[in-house]
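S.K.: Quick one: this structure, given as C-alpha cells, is what I'll be asking you about.
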Amino acid sequence: MLTIGDTFPALTVPVQQGTSALPNGETLDLTTAYPGKWKVLFYWPKDFTFVCPTEIVGYSQIKGDFEDRDAVLIGASTDTAHVHLAWRKSDPDLAAADFPWLADNGRKLADALGIVDKNEHVAFRATFIVDPDNVIQAVQVNGLNVGRNPAETLRVLDALQTDELCPCNWNKGDDVLQVAA
C-alpha cells in the first residue's frame, strides 16, 4: 500500500458528478487536476450499501470546511459512473454530495494505491490526504464494516497544514508543541 511520503499515482480515472446528465466519459487525473490544492480522497467499498452513504453524507456536510482549507474533497469506489449516478438519484442526501466521485471500476487507482480487499475485490475504506505537490501526507484505512469520522480527517488536515508538532487531540487553534532549546 502507498503511504506517507509516496507520490500519488498519475492515473486518469472515470469520474461522475451531479445528477443532471448521464456519464459521458469524463475523467480526472488527481496529479494534474486542482493545482496548488490539497486533496482529500476517500474510497468506499461499494455503492448501494449501508455504511458507505453515512460516510459520503458525513464528508459532504463538512465539504465547505475542507474548501476553507484549500482542499478538494474527492470520493471514490470501484463501481461505474452509471452506478454512481443511479445511487445519487436514488437518495437526496447523496445527490447533495456535490463533489467528484471517481468510478474506478477497473481498479487501476485502487490497485496502484494497494487498497483492494483480496477476498471481496473492492476497495477498503481508505482515506488519503495529498499535499499540493501530490505527496501523500496521511493515510487511514478501515476494514469494510467500519465507517470513518470525517471530522477527524479535517482535524488531521488542519494539523498537517500547520507544519508544526501537534499533540494528541490537537485541534485547529490549539497551541502546538515547542521543542525546548
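The values are calculated or read from the model by the stated rules, or taken from the named source; none is laboratory data. Since the model is a prediction, treat every value here as computed from it, not as a measurement. Cβ placement follows ideal geometry from the backbone for every residue including glycine, while neighbour counts extend to all protein chains displayed. Heads up: the accessible areas ignore ligands, DNA and RNA and are worked out on the full protein's heavy atoms, side chains in. Shrake-Rupley method; radii C 1.70, N 1.55, O 1.52, S 1.80 Å.
S.K.: Once you put a point 7 Å from the Cα of Asn142 and another 7 Å from the Cα of Thr54, both along the Cβ direction, what distance in nm separates them?
M.R.: For Asn142 paired with Thr54, the spin-label model returns 0.8 nm.
S.K.: To the nearest 10 square angstrom, what accessible area does Arg155 show with a 1.4 Å probe?
M.R.: About 60 Å², rounded to the nearest 10.
S.K.: Turning to a different aspect of this structure: Can you report the principal axis dimensions of region 1-75 using only the alpha carbons, biggest first, rounded to whole angstrom?
M.R.: Reported extents, whole Å, longest axis first: 33, 29, 28.
S.K.: Based on DSSP, what percent of beta bridges with both residues in region 1-87 are antiparallel, to the nearest 5?
M.R.: 35 percent
S.K.: How many nm separate the modelled label positions at Val179 and Leu22, each set 7 Å beyond the Cα in the direction of the Cβ?
M.R.: 5.9 nm
S.K.: When all protein chains stay in place, what accessible area (Å², nearest 10, 1.4 Å probe) is found for Val176?
M.R.: 40 Å²
S.K.: Further question on the same structure: List the pairs from Lys39/Lys89; Lys89/Lys172; Lys108/Lys172; Lys118/Lys172; Lys63/Lys172; Lys39/Lys108 whose alpha-carbon separation is above 28 Å, in the order I gave them.
M.R.: Beyond 28 Å between Cα atoms: Lys89/Lys172; Lys108/Lys172; Lys118/Lys172.
S.K.: Next up: For region 141-155, just list the computed ³J(HN,Hα) in residue order, Karplus coefficients 6.51, -1.76 and 1.60, θ = phi - 60°, integers in Hz, with x standing in for Gly and Pro.
M.R.: Values, residue by residue: 10, 10, x, 5, 9, 10, x, 9, 10, x, 5, 5, 4, 5, 4 Hz.
S.K.: Express the carbon and sulfur contribution to the solvent-accessible surface of region 47-108 as a percent, rounded to the nearest whole number, probe 1.4 angstrom.
M.R.: 51 percent
S.K.: Below 8 Å between Cα atoms, with a sequence gap of 6+, how large is the relative contact order for region 68-181 in percent?
M.R.: Computed over region 68-181, the figure is 16 percent.
S.K.: Using the basic label-point model (7 angstrom from Cα toward the beta carbon), what is the Ser90 to Leu165 distance in nanometres?
M.R.: It works out to 5.0 nm between the two label points.
S.K.: Which percent of the accessible area of region 116-181 is formed by carbon and sulfur heavy atoms (probe 1.4 angstrom)?
M.R.: 48 percent
S.K.: May I have the pair-distance distribution P(r) for region 93-170, computed from all Cα-Cα distances with 10 Å bins from 0 and rounded to whole percent?
M.R.: Once binned at 10 Å, the Cα pair distances of region 93-170 give 15, 40, 35, 10.
S.K.: Output the Kirkwood hydrodynamic radius of the chain, Cα pairs only, in Å rounded to one decimal.
M.R.: Here the Kirkwood hydrodynamic radius works out to 16.7 Å.
S.K.: What accessible surface, in Å², does a 1.4 Å probe find on Lys46, ignoring ligands, DNA and RNA and rounding to the nearest 10?
M.R.: 100 Å²
S.K.: Mean residue ellipticity at 222 nm from the helices of the chain, using -39,500 (n - 2.57) per DSSP H segment of n ≥ 4 over the full residue count, to the nearest 500 deg cm²/dmol?
M.R.: Taking each H run of at least 4 residues, the total per residue is -7500 deg cm²/dmol.
S.K.: Let me ask you something else. For the chain, what does the accessible surface come to per residue with a 1.4 Å probe? Please give it in Å².
M.R.: Accessible surface, normalised per residue, equals 50 Å².
S.K.: I would also like to ask the following. More than 18 angstrom separation, counting every C-alpha pair in region 45-93; what % is that?
M.R.: 33 percent
S.K.: Between Thr3 and Glu67, how high is the FRET efficiency from 1/(1 + (r/R0)^6) when r is the Cβ-Cβ distance and R₀ = 25 Å? Nearest 0.05.
M.R.: It comes to 0.45.
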